Amino acid sequence: MSGKLAVTTTVNGEEHEVLIEPRLLLVNMIRETLHETGTHIGCDTSSCGACTVLLDGKPVKSCTILAVQANGREITTVEGLETADGLHPVQEGFKEEHGLQCGYCTPGMMMTSVALLAENPDPSEDDIRKAISGNLCRCTGYVNIVKAVQYAAKKQQGVTA
């Protein structure tokens with residue numbers, strides 16, 4: 001078995017069992033082993049948040065977690081947000097409110113926003129800015145990202161624009 005460990009995890013609702021090196025980072029397992037490339041690798045130092053995914057519903061920077069730590073746990077990546085009914089409200093908000101430019105930070109921003117809205121369905125602008133403060137964007141100035149999260153909050157509450 002050459003020192004590899006078996007890890008079983010559920011990613012976007014689908015169970016996977018993979019053999020991995022014990023030192024493999026979660027972001028690398030997601031991208032290279034499971035081929036879910038929506039999760040981006042940014043800084044490799046946990047500073048940018050581009051690699052943010054939900055681990056058991058909580059946002060984590062997947063470049064700071066070993067893949068073996070996800071054994072038996074549930075991971076949601078940006079690919080897991082869209083359903084058969086269409087875009088997740090956060091995805092729709094980013095589209096409608098122009099919450100992205102280059103798009104590199106967008107998956108991490110979306111995952112952080114999904115977690116925020118699960119915890120606080122009606123966040124203030126300050127709540128949103130605090131929640132996304134661990135995710136860096138070099139393009140947008142954050143104004144439209146905040147608007148996108150506000151859009152999603154209203155959509156989830158059934159409020160139409």
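Data overview
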{"quantity": "Computed FRET value (nearest 0.05) for Lys58 with Lys154, which takes r as the C-beta separation and R₀ as 25 Å", "calculated": "0.55"}
{"quantity": "Rg/Rh for segment 5-80, where both radii come from Cα atoms and Rh is the Kirkwood radius", "calculated": "0.91"}
{"quantity": "Distance between segment 92-161 and segment 1-21 - C-alpha centres, whole angstrom", "calculated": "31"}
{"quantity": "Contour excess over end-to-end distance, with Cα ends at Asn71 and Thr33 and 0.36 nm allotted per residue", "calculated": "12.2 nm"}
{"quantity": "Zero-based 10 Å bins, Cα pair distances in segment 51-155, whole percents", "calculated": "16, 50, 28, 6"}
{"quantity": "DSSP bridge orientation in the chain - percent antiparallel, rounded to nearest 5", "calculated": "90"}
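Values quoted throughout were computed directly from the atomic coordinates according to the rules given, and no laboratory measurement underlies them. All figures in this text were calculated on a predicted structure; none of them were measured in a lab. Backbone-built Cβ (ideal geometry, glycine too); neighbour counts: all protein chains shown.
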